[in-house]
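Beneath this line is the structure, given in structure tokens, with notes to follow.
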Amino acid sequence: IGKVVSKINAFGEAQIRTLEKEGKIKIPFNEKNIILDLSEVEITSKDIEGLLVAHGNGLTVALDISLTENLINEGIARELINRIQNIRKDTGLEVTDKINISFLADDDLKERIENNSAYILLETLGENIDFPAQIYNGTEVVFGNIKTKITIKKIENG
């Protein structure tokens, strides 16, 4: 039996696909053929490190789920945009109002925001982002490793 198990464990993609499609497969063993039925085995797939793998209907898809600094920074920018838009709504500003945005100064966060400032300004109708050392009446924002205060100020037409 051990030799049959080792032959099954050595199946390649084509043999597994045949077994899944036809429900059985012939295994040459000692000059004879053994018929292996799909119900006699369990077919599993394992993820490759850094990839998420899914299989079904004869199709296998692998997604690269590793996070780069750029992806992390983009995620932070998206979350900050969401928080800014909520502050806008909570303070009664219109969606079309242009604003200035202030984040409590933090060197790491400042760098991450500056790398995505054009995107943040575009999505929030922001005109300017600054980083004062103190914010007294801001909205505290906490998510992931991020903790800051944000204020927004409507730009008056003049």
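The values are calculated or read from the model by the stated rules, or taken from the named source; none is laboratory data. Since we're looking at a predicted model, the values are computed, not measured. Counting neighbours? That spans all protein chains shown, and the Cβs are built from the backbone with ideal geometry, glycine included. Ligands, DNA and RNA are stripped out before the accessible areas are found, and what is left, the full protein with its side chains, is counted by its heavy atoms. Shrake-Rupley method; radii C 1.70, N 1.55, O 1.52, S 1.80 Å.
Remarks
- Residue in the stretch 112-125 that is over 23 Å from the mean Cα position of the chain (by Cα) and not acidic (Asp, Glu) present: yes
- Members of the stretch 133-150 that are within 25 Å of Ile72 (Cβ to Cβ), open to solvent by 40 Å² or more (accessible area, probe 1.4 Å) and not small (Gly, Ala, Ser): Thr139, Glu140, Val142, Asn145, Lys147, Lys149
- Residue match in the stretch 79-90 (condition: under 15 Å from the mean Cα position of the chain (by Cα) and open to solvent by less than 60 Å² (accessible area, probe 1.4 Å)): yes
- Matching residues, the stretch 19-74, being small (Gly, Ala, Ser), surrounded by 10 or more Cβ atoms within 10 Å (Cβ to Cβ), out of contact with any strand residue (DSSP E or B) (no Cβ under 6 Å at 6 or more places or on another chain) and under 30 Å from Phe143 (Cα atoms): Gly50
- Test result for Lys154, in contact (Cβ under 8 Å) with a residue 60 or more places away in the chain, open to solvent by 60 Å² or more (accessible area, probe 1.4 Å) and over 30 Å from Glu13 (Cα atoms): yes
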